[in-house]
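A short worksheet on the structure shown next.
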Amino acid sequence: MSLNPQYENIGKAFVQQYYAIFDDPPNRANVINFYDATNSFMTFEGQQIQGATKIIEKIQALSFQNIARVITAVDSQPTFDGGVIVNVLGRLKCDEDPPHSFAQVFLLKPNAGSFFVAHDIFRLNIHNAA
């Protein structure tokens, strides 16, 4: 395979679709469709998770119901296997909590004319100065 020349459009379209589903409580469970049963990995606030079933279990175990998100930047790069790495910066507000900045990185791998999330790293940008 080679570099995908549509990497920027793919990254932006993915981010729009992913968060539209994730941020809609009745639809949130459908994010499982972005992940592979065994070949997807997530790091959520330092916790390592593998496989679509475990990833959706983690997402459904989150304590918030409503989420409002503002995307500040979406930066994408092609990978040499036709995939796309996507870096997202933004701010989110869950239920009545104060807003927090966040960063999320996705590695999208090609799969039968589409893509799946092979790697997903999420971290709130909270600095606890000691």
Query - Integer Hz, Karplus 6.51/-1.76/1.60 couplings in order for the range 55-60, x for Gly and Pro - result: 5, 5, 4, 5, 4, 6
Report summary line: The rounded separation in angstrom of the Cα centers of the range 1-24 and the range 75-130 is 11
Report summary line: The ³J(HN,Hα) series, computed from each phi in the range 27-35 with the Karplus coefficients 6.51, -1.76 and 1.60 at θ = phi - 60°, rounded to the nearest Hz and given as x for glycine or proline, is 9, 3, 4, 6, 5, 4, 5, 7, 10
Query raised in the report: Which residue, G83, G46, G11, has the most motion in a Gaussian network model of the chain that connects Cα atoms within less than 10 Å?
Result: G46
Requested in this report: Go ahead and estimate [θ] at 222 nm for the chain from helices alone: -39,500 (n - 2.57) per DSSP H run with n ≥ 4, summed, over the residue count, rounded to 500.
Outcome: -6500 deg cm²/dmol
Report summary line: Within the range 42-130, DSSP-loop chymotrypsin sites (Phe, Trp or Tyr not before Pro) with at most 16 other C-beta atoms within 10 Å are F64, F80
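Could you compute the net charge surrounding L107? Neighbours are other residues with a C-beta less than 15 Å from the C-beta of L107; K and R count +1, D and E count -1.
My count for the surroundings of L107 gives -3.
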Report summary line: Taking only the Cα positions of the range 1-46, the convex hull volume per residue in Å³ is 123
Query - Full-extension gain in nm, A20 to L124, via 0.36 nm per residue minus C-alpha separation - result: 35.5 nm
Query - Candidates D24, D36, D97: whichever shows maximal mean-square fluctuation once the chain is modelled as a Gaussian network with Cα springs under 10 Å - result: D97
Query raised in the report: Hey, what angle do you get for helix 7-22 against the long axis of the chain, alpha-carbon based, 0 to 90 degrees rounded to 10?
Result: 40
Report task. Using only the Cα atoms, work out Rg/Rh for the range 85-130, with Rh taken as the Kirkwood radius, to two decimals. Result -> 1.15
**Report entry** For the chain, fraction of C-alpha pairs farther apart than 25 Å, in %
**Finding:** 22
Query raised in the report: Among L62, L108, L92, which one shows the biggest mean-square fluctuation in a GNM of the chain, springs joining Cα atoms closer than 10 Å?
Result: L62
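FYI, it's all coordinate maths here, none of it is from the lab. As the structure is a prediction and not an experimental result, all values here were calculated from the model. FYI the Cβ positions are ideal-geometry reconstructions off the backbone, even for glycines, and counts take in every protein chain you see.
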